[in-house]
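Trainee: Let me give you the structure first, and then I'll get to my questions.
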Amino acid sequence: MRIPLRVRPAAPRPGLGAAATAVLALLAAAPATPAAADSRESVTVDPTGRITPDGTITLTGTYRCVGGTGPVFLSTSVHQSDPSVRHGIGGSRAVCDGQEHRFANTGRPRDRVLTAGPAHVEATLMELRPQGVLPLPVLHAVHRQDVTLAKS
């Protein structure tokens, strides 16, 4: 015997429509193209990262960025077998003076699923640019590459 399933429509939420409109307005105000079009901006990752016995990973490389009206951060993430599961590996504040700088981001994934061997890294240089009430993310540079996590 089948029991019919009845679904009642959700009750209207007056604040939800206003919130959705605000989010859409913010997205519309965001730059359509990344700021990374400036050839003076870049981020690189060294071909070898380090992994300690407790699972702590250190990724290093270089970056260069220019200008910026808000704080700029360099974040890194890594994955091994499943590309849909990325692990954030630290983050650092970037200095956007047009000069090349070294970075070293360190972090330990909560579930210790990463091991020594091949991995794929993404490094992102992003600014939080003041835009009205909320800061909006502006991409300066992104770099993806295969690396080797070596035991240290």
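The values are calculated or read from the model by the stated rules, or taken from the named source; none is laboratory data. These numbers come from a predicted model, not from an experiment. Counting neighbours? That spans all protein chains shown, and the Cβs are built from the backbone with ideal geometry, glycine included.
Trainee: Looking at the range 41-58, which of its residues are polar (S, T, N, Q) and part of a strand (DSSP E or B)? Steps first, please.
Mentor: Of the residues in the range 41-58, the ones polar (S, T, N, Q) are 42, 44, 48, 52, 56, 58.
Hits for the range 41-58 are Ser42, Thr44, Thr48, Thr58.
Trainee: Within the range 96-105, does at least one residue satisfy the condition of being part of a loop (DSSP other than H, G, I, E, B) and in contact with a Cys (Cβ under 6 Å, 6 or more places away or on another chain)?
Mentor: Narrowing the range 96-105 to residues part of a loop (DSSP other than H, G, I, E, B): 96, 98-100.
In the following step, the residues that additionally are in contact with a Cys (Cβ under 6 Å, 6 or more places away or on another chain) were identified as 96.
Yes: the range 96-105 contains one or more residues that are part of a loop (DSSP other than H, G, I, E, B) and in contact with a Cys (Cβ under 6 Å, 6 or more places away or on another chain).
Trainee: Given the criteria modelled with pLDDT of 90 or more, β-branched (Val, Ile, Thr), in a strand (DSSP E or B) and more than 16 Å from Arg102 (Cα to Cα), does Val78 qualify? Outline the logic, then answer.
Mentor: On the way: modelled with pLDDT of 90 or more: yes; β-branched (Val, Ile, Thr): yes; in a strand (DSSP E or B): yes; more than 16 Å from Arg102 (Cα to Cα): yes.
Yes, satisfied.
Trainee: Please work out which residue is surrounded by the fewest Cβ atoms within 10 Å (Cβ to Cβ), limiting yourself to the range 49-87 and to residues that are in contact with a Leu (Cβ under 8 Å, 6 or more places away or on another chain) and polar (S, T, N, Q). Step through it out loud before you land on a result.
Mentor: Taking the range 49-87 and keeping what is in contact with a Leu (Cβ under 8 Å, 6 or more places away or on another chain), we get 49-51, 55, 57, 63, 65, 70-74, 76, 78, 80, 87.
Now restrict to residues that are polar (S, T, N, Q): 76, 80.
Values: Thr76: 29, Gln80: 15.
By that ranking, first place goes to Gln80.
Trainee: Please identify the pairs in which a residue from the range 138-152 that is farther than 11 Å from Val45 by Cα has its Cβ atom under 7 Å from the Cβ atom of a residue that is loosely packed, with under 13 Cβ neighbours inside 10 Å and at pLDDT below 95, counting only partners at least 6 apart or on another chain.
Mentor: Partner pairs satisfying both residue conditions: Val138/Pro31.
Trainee: Can you go through Gly61, Gly68 and tell me which one is under 15 Å from Glu41 (Cβ atoms), at pLDDT 95 or above and either assigned to a strand (DSSP E or B) or not hydrophobic (A, V, I, L, M, F, W, C) (or both)?
Mentor: Details: Gly68 fails: at pLDDT 95 or above.
The match here is Gly61.
Trainee: Which of the residues spanning the range 100-123 are modelled with pLDDT of 95 or more, buried (at least 20 other Cβ atoms within 10 Å of the Cβ) and touching a His at 6+ places or on another chain (Cβ under 9 Å)?
Mentor: Across the range 100-123, the qualifying residues are Ala119, Val121, Ala123.
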